[in-house]
Amino acid sequence: MVSQEYLQKMEVRQNFRNMWHTDLLRTIQADTPYCCLSLFCAPCVSYMLRKRALYNDMTRYVCCAGYMPCSGRCGESKCPEFCLATEVFLCFGNSVASTRFMLQDEYNIQTTQCDNCIIGFMFCLSQIACIFSIVAMIVGSQEIQEASQLLTCLSDMVYCTVCACMQTQHKIEMDKRDGKFGPQPMAVPQVQQMSRLDQPYPPAAGYPPPQSQQAYGYPPPPQAYPAPGYPPAGSAYPPPGYPPAGYPK
């Protein structure tokens, strides 16, 4: 029953349409200080991110966010802070992955193909390093032993780097959730008006209306010709004495 539920969750995640605000390749550029903090203080950052993902409500905490068989069986309800601290120090990789799954399920976020390749490369490299270590222990070859040590060191570096980028990605996504990049995504937009041909000037869109009817770039309203009151009443045309005497007709 439990395995069937997990399979259904995996199928639902394949249909997610939202994307991470920042992919793994651009997290260092998006928030360099936090990425460095995630690299050197990874368990502490994982603790803070999980608590923030729970909206600082630790009564909702479940070990590994309910994605592991041990979830709900570790006495989380009695001391959630201690259980979370134990999780991030003893099961750091699971703590990062659990926070990631929480955010993806809550906001329907899918992982891009590039991110999947990076995560897959990290796992494959760690498996290859483990295989080389086992082979070196069985065979006893010095060359294989040195190669296994080199692969293990490289695997650890990639693991720490990818986890730091992941945690920075989670932090940026929660910054977006909390409206730190501007207005909330679901905020009601301001009322806009459409311009009509019978208006002397376009309607104001966030700006005060002009003081006069003559706006910049628009000609003044047409005036009647001749002007009202011209010529004056009772005046003869042409005026007396015009044209002058001797003017040829």
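Tabulated data for the structure shown
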{"quantity": "Pair Leu154, Asp57: separation of 7 Å Cα→Cβ label points (nm)", "calculated": "4.7 nm"}
{"quantity": "Cα gyration tensor shape for the range 69-153, rounded if a/c is under 1.5, else prolate or oblate", "calculated": "oblate"}
{"quantity": "Label-point gap, in nm, between Cys130 and Phe16 - each point 7 angstrom along Cα→Cβ", "calculated": "2.4 nm"}
{"quantity": "Ranked Met102, Met157, criterion: other C-beta atoms within 10 Å, fewest first", "calculated": "Met157, Met102"}
{"quantity": "Qualifying lysines (Cα of each under 30 Å from Cα of Lys51; at least 8 residues distant if same chain)", "calculated": "Lys9, Lys78, Lys171, Lys176, Lys180"}
{"quantity": "Full-extension gain in nm, Glu106 to Ala85, via 0.36 nm per residue minus C-alpha separation", "calculated": "5.3 nm"}
{"quantity": "Neighbour-count ranking [beta-carbon atoms within 10 angstrom, fewest first] of Ser77, Ser95", "calculated": "Ser77, Ser95"}
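Each reported figure results from applying straightforward, stated rules to the coordinates on display, with no laboratory input. Since we're looking at a predicted model, the values are computed, not measured. Every residue, glycine as well, gets a Cβ built from its backbone with ideal geometry; the counts of neighbours run over all protein chains shown.
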